[in-house]
Amino acid sequence: MLQLSPCIIRSAQEISSASNRIIRAVDDMSNNVSLHGQVNIKIIQPSLAVEIWEQARPNVTGLEFIQLNKTSIGNSSLNTLNTAPTNINRVDAAIYIDPKVLQDSTSRLAMHVYYENKMFDDTTGRYETISRVVAARLSKNGKPIANLEDGTVTAIFMPFKEYTDVVCGHWNYTKNENAGGWSTEGCVHSVDAGRHICTCNHLTNFAILIVNVAYRLIVVPKLYHMFMVVPNLYHIIMGVPELYHTIMVVPELYHMFIVVPELYHTIMVVPELYHIIMVVPEL
């Protein structure tokens, strides 16, 4: 199913929560598959890599993916970690668990890297996924461990494209009436060496998200109304990302567009003024 088109996957998700069930099945497989006496196994497919370790001591605590092949995951692009990643500026996606969490008992650590994120389609349309998806599962003495202390789980990402208003997201299986969806609780976002870092207190699937533009228009009634009564404004703002971003993050400018229609009209019909506002940020 990972090879299907996003449209087909979305339809299947809307009809039967198919994506959510498949993601959960991958997690269950990682928890239950037999290692046949081995310490670890590795399963690599073009769109998904799974690595599972069963160990009495925390020798392996994470997994990193370094983009070498532009079209899929390869064995040479995966590295197991026994310390926190040191050269994060070369990492495309990684997940790492504090070693103290793995101590005192035999543990099974399962880690996943999804090369494509189209399975993680939140049908509410609120969030857009702009990175790979990484996951970790931990069980001790056969019992799953999900909730941990703050800061014990770290996920690292290089987004497909840089945005300013990003958040750390984790996939919640029970959201949207058990259809699954993205949540943002339990993680702290930071940026270092060009990589986005999510420091979290639980184990699941993680990614970097932005709020979908279309969703913003619906949940901000005044902006939605403005677009409805001034059709040309929608086209102009959508075609000029910088203007959209400015209106969203500068409350005074947003307010000005809402309560002073004449200002909008003036800027739109006087191209020179519009150009000045766009190219002279200080103004």
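Count, please, the residues in segment 1-27 that happen to be at pLDDT below 85 and assigned to a helix (DSSP H, G or I).
Of the residues in segment 1-27, the ones at pLDDT below 85 are 1-19.
Okay, now just the ones that are also assigned to a helix (DSSP H, G or I), so 6-16, 18-19.
Selection size over segment 1-27: 13.
Confirm whether GLY186 is within 27 Å of VAL60 (Cα to Cα), without any contact (Cβ under 8 Å) to a residue 24 or more places away in the chain and surrounded by 13 or more Cβ atoms within 10 Å (Cβ to Cβ).
Details: within 27 Å of VAL60 (Cα to Cα): yes; without any contact (Cβ under 8 Å) to a residue 24 or more places away in the chain: yes; surrounded by 13 or more Cβ atoms within 10 Å (Cβ to Cβ): yes.
Yes: the conditions hold for GLY186.
Only one of (1) at pLDDT below 85; (2) outside any helix (DSSP H, G or I) is not met by GLU54, so which one is it?
(1)
Kindly establish whether THR174 is at pLDDT below 95 and touching a strand residue (DSSP E or B) at 6+ places or on another chain (Cβ under 6 Å). Give the derivation first.
Numbers: at pLDDT below 95: yes; touching a strand residue (DSSP E or B) at 6+ places or on another chain (Cβ under 6 Å): no.
No, not satisfied.
Being of a type in the set (Lys, Arg) and under 22 Å from LYS118 (Cβ atoms) is the filter here, so list the residues in segment 36-72 that pass it.
LYS70, the sole residue that qualifies.
The values are calculated or read from the model by the stated rules, or taken from the named source; none is laboratory data. Since the model is a prediction, treat every value here as computed from it, not as a measurement. Because the Cβ atoms are built from the backbone with ideal geometry, glycine has one as well, and the counts that use them run over all protein chains shown.
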